[in-house]
Amino acid sequence: MNTPYAARRDRLRQLMRARGLDALLVSHAANRFYLSGFELHDVQLNESAGRLVICADGGDWLCTDARYKDAAARLWDQDHILIYGPDAATEIGRLMRRCGSRLGLEAEIVSLNFARSLGRAVGRGAHLQAADGLVEELRVIKDADEIKALERSFALNHAMLRWLEESQLQPGRSEAGLAWAIERYFRDNGASELAFPSIVAVDQNAALPHAIPGEKKLPDNGLVLVDVGCRVDHYCSDQTRTFWVGDAPHKEFRETMKLVRDAQQAALDKMRPGLPLHEAYALARGVFEKAGVEAWFTHGLGHGVGLETHEAPSLGRRGDKVLREGMVVTVEPGLYYPQWGGIRWEYTVLITADGNRIL
């Protein structure tokens with residue numbers, strides 16, 4: 001039917017069989033899109049555009065409501081579309097019970113009430129179990145088409161950052177005003193939307209890793225941290241730069257920037273297939289420990305990027321898996337000082353057969 005989605009569902013079936021599952025209910029929006037091409041977003045956080053029931057025997061179902069009936073029919077065999085009413089959990093549960101007795105769901109995504117209704121609907125004699133992470137295990141390795149889309153997304157991101165540095169960092173401009181200019185640039189040059197709300201943070205605000213742009217002005221002499229991403233062909237970019245506005249930066253900025261870039265390079269030099277995720281983090285942290293500033297490194301080294309800005313894997317101290325060829329991950333060490341600000345520098349890299357490549 002709709003490749004590459006059908007091929008992805010076939011790979012998922014292999015994982016399901018290894019877990020002994022007859023059917024899997026896919027409720028996470030990005031997973032739904034990855035497997036079907038149907039509706040990347042659930043626009044309202046308290047609603048769902050739909051779910052998939054993936055069956056071990058191949059008779060997969062797209063489940064949605066009447067608002068999406070025509071959109072679903074453009075992508076899916078109409079004989080395998082379930083248009084549910086107000087009690088979606090009950091109708092989906094009855095459908096799943098027809099697929100077998102060993103049933104899985106993405107338990108971290110659904111509400112407790114939904115899970116209870118689903119359980120009542122599948123009834124006695126069926127075993128309903130949490131089966132989180134199966135689709136994510138596939139998504140963590142990007143295929144050739146995904147990599148091309150990511151390259152296009154990052155090319156636009158790089159172009160925007162060049163434009164920003166060359167012409168937009170003007171003293172007196174507000175954080176919010178700069179954030180709006182960034183969004184306009186992305187949209188005017190081919191992005192469908194932001195990958196996430198832009199972070200623009202001046203001086204002390206840059207000590208907040210997820211600062212919200214406000215009315216603070218770019219200084220005559222000071223720093224601005226910009227963490228931005230766009231979505232192109234469904235795939236996200238994510239990059240951070242910290243700029244100095246005005247005359248020569250002060251000593252703390254220069255020294256901290258060097259440490260951050262050195263920490264990033266220490267990780268990049270060793271990141272290749274087989275490196276444990278926690279070791280990638282430790283390589284960067286080790287630079288900070290040697291300088292005695294590790295207490296101001298308050299987050300992990302990075303995360304996966306793809307259909308979502310933050311997705312598996314996570315490069316932190318508890319990362320218990322290894323880097324694999326085809327992963328796309330950020331490398332973004334940072335140091336944050338409430339007295340004067342913070343510095344973060346971020347690249348996103350593709351893990352290749354013999355190392356990594358900056359996107």
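The values are calculated or read from the model by the stated rules, or taken from the named source; none is laboratory data. Not measured: the values here are computed from a predicted model. Note that each Cβ is placed from the backbone with ideal geometry, even for glycine, and that neighbours are counted across all protein chains shown. The accessibility values were calculated without ligands, DNA or RNA, using every heavy atom of the protein model including side chains. Shrake-Rupley method; radii C 1.70, N 1.55, O 1.52, S 1.80 Å.
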Which residue, SER167, SER36, HIS80, has the largest displacement toward the positive end of the dipole of the chain when charges sit on each Cβ (Lys, Arg +1; Asp, Glu -1)? HIS80
Can you give me the angle between helix 88-99 and the longest principal axis of the chain, using Cα atoms only, in degrees from 0 to 90, rounded to the nearest 10? 60 degrees
Computed about the Cα centre, the charge dipole of the stretch 4-139 from +1 Lys/Arg and -1 Asp/Glu charges at the Cβ has a magnitude in debye, to the nearest 20, of 400 debye
Charge dipole (debye, nearest 20) of the chain; +1 at Cβ of Lys and Arg, -1 at Cβ of Asp and Glu: 780 debye
Quick one: helix 144-167 against the long Cα principal axis of the chain, what's the angle to the nearest 10°, folded into 0 to 90? 30 degrees
Most positive-pole-ward Cα, VAL287, GLN14, VAL26, against dipole of the chain from beta carbon charges: GLN14
1/(1 + (r/R0)^6) with r = Cβ-Cβ of LEU112 and GLU166, R0 = 35 Å, i.e. FRET efficiency to nearest 0.05, evaluates to 0.10
Qualifying aspartates and glutamates (Cα of each under 14 Å from Cα of LYS216; at least 8 residues distant if same chain): GLU175, ASP203
Net lengthening on full extension, HIS310/GLU47 (0.36 nm per residue, minus Cα-Cα): 92.6 nm
Heavy atoms only, probe 1.4 Å: what % of the accessible area of the stretch 141-358 goes to carbon and sulfur, would you let me know? 51 percent
Can you pull out the chymotrypsin sites (Phe, Trp or Tyr not before Pro) in the stretch 304-359 whose DSSP state is coil and whose Cβ has at most 13 other Cβ atoms within 10 Å? none
Each label sits 7 Å from Cα toward the beta-carbon; between ASP220 and ARG318 the label points are separated, in nm, by 4.8 nm
CD proxy, 222 nm, the chain: helix-only mean residue ellipticity via -39,500 (n - 2.57) per DSSP H run with n ≥ 4, per residue, nearest 500, stands at -11500 deg cm²/dmol
Which of rounded, prolate, oblate describes the stretch 215-359, given a ≥ b ≥ c as roots of the alpha-carbon gyration tensor eigenvalues and a/c under 1.5 marking rounded, otherwise prolate only if a/b is larger than b/c? oblate
Let me know the Rg and Dmax you get for the stretch 137-292 when you use only its Cα atoms, in Å. 17.2, 48
When the Kirkwood radius is taken over all Cα pairs of the stretch 70-186, what Stokes-Einstein diffusion coefficient follows at 4 °C and 1.567 mPa s, in µm²/s? 68 µm²/s
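For the chain, with every protein chain kept in place, what is the accessible area per residue (1.4 Å probe, Å²)?
For the chain, the solvent-accessible area averages 45 Å² per residue.
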Within the chain, what's the longest run with no GluC sites (Glu not before Pro) in a DSSP loop and at most 12 other beta-carbon atoms within 10 Å? Give the range, please. 216-359
